[in-house]
Every structure is written in C-alpha cells, then in structure tokens.
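What follows is a set of notes on a single structure, which appears directly below.
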Amino acid sequence: MKIKKGDMVEVLTGKDRGKRGEVMRAIPKADKVIVDGVNQVKKHQRATRATMQGGIIDKDMPLPVANVAIVCPNCGPTRIGYRVESTDGRQDRATKQRICRKCGGEL
C-alpha cells in the first residue's frame, strides 16, 4: 500500500467525491484508509461509564485505498511512483523515495 498516515488525499468515487482530507489511519491488511472528515456515519452511542453522555456521534469509516488519490502540492491528485537512489553505488545503502507520476516531484 503506497498511501501512509499523514498524507493529503482526494476521494475519487462515492458520495464524498472531490473532498480532500488527511489520512488518519492506514489499514494495510484490509487495503483501507480512514480519512479525516470523509465517509462519516451517524452512530447512536449509549451512555456508559467510559462515555457519560450518550447521543448521536459522527464516526469516520474506512474507505478502500483504490478510491483515494494522493495530492501533489504542484499538480493535484496523482499516482505514486518510486525512485531508488544510491549515494555511493551500493544497492544495500539505497534510499527509496515516493515521487509524483505527473511532475516527478518528491511527495
């Protein structure tokens, strides 16, 4: 999965299409991400000892990672590529960087 916690993403499909938000949590086993302020549902919460006040709360639900695209600061929503650079020609010390597929800039 190429999208990580803290990335700014844009939703491509669904009821929240076009909304942007930060990834709060990535769930690689299920290929899903939770984006702040996107795909919210109403949950009826009963008052318990942990939460003294009950009522209706908004909860962010997971989205499939295929339904979001990372946002490049220069060119907008894009796909992610990788660039492997080695400092001294040795493969074991190479660094892997995420790049924008449109402009080639670092993400």
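Can we say Asn67 is surrounded by fewer than 13 Cβ atoms within 10 Å (Cβ to Cβ) and either out of contact with any strand residue (DSSP E or B) (no Cβ under 7 Å at 6 or more places or on another chain) or free of Cβ contacts under 8 Å to residues at least 60 places away in the same chain (or both)? For Asn67, the condition - surrounded by fewer than 13 Cβ atoms within 10 Å (Cβ to Cβ) and either out of contact with any strand residue (DSSP E or B) (no Cβ under 7 Å at 6 or more places or on another chain) or free of Cβ contacts under 8 Å to residues at least 60 places away in the same chain (or both) - is not met.
Restricted to the range 10-107, the set of strands (runs of 3 or more DSSP E) holding at least 2 residues that are over 14 Å from the mean Cα position of the chain (by Cα), at positive phi and of a type in the set (Gly, Ala, Ser) is empty.
Among residues of the range 1-18 that are in contact (Cβ under 8 Å) with a residue 40 or more places away in the chain and of a type outside the set (A, V, I, L, M), those with a Cβ under 9 angstrom from a residue that is loosely packed, with under 13 Cβ neighbours inside 10 Å and assigned to a loop (DSSP other than H, G, I, E, B), sequence gap 6+ or separate chain, pair up as Lys2/Arg79; Glu10/Arg17; Glu10/Gly18. Within the range 72-107, the set of residues being surrounded by 15 or more Cβ atoms within 10 Å (Cβ to Cβ) and in contact with a Leu (Cβ under 9 Å, 6 or more places away or on another chain) comprises Cys72, Pro77, Thr78, Ile80, Arg98, Ile99, Cys100. Mind checking whether some residue in the range 17-32 is under 19 Å from Cys72 (Cα atoms) and in contact with a Pro (Cβ under 8 Å, 6 or more places away or on another chain)? Within the range 17-32, none of the residues are under 19 Å from Cys72 (Cα atoms) and in contact with a Pro (Cβ under 8 Å, 6 or more places away or on another chain).
Bear in mind these aren't lab numbers, they're just calculated from the coordinates by the rules spelled out. Predicted model, so just to flag it, every value in this text is computed and none were measured. Reconstructed Cβ throughout: ideal geometry from the backbone, glycine too, with neighbour counts over all protein chains shown.
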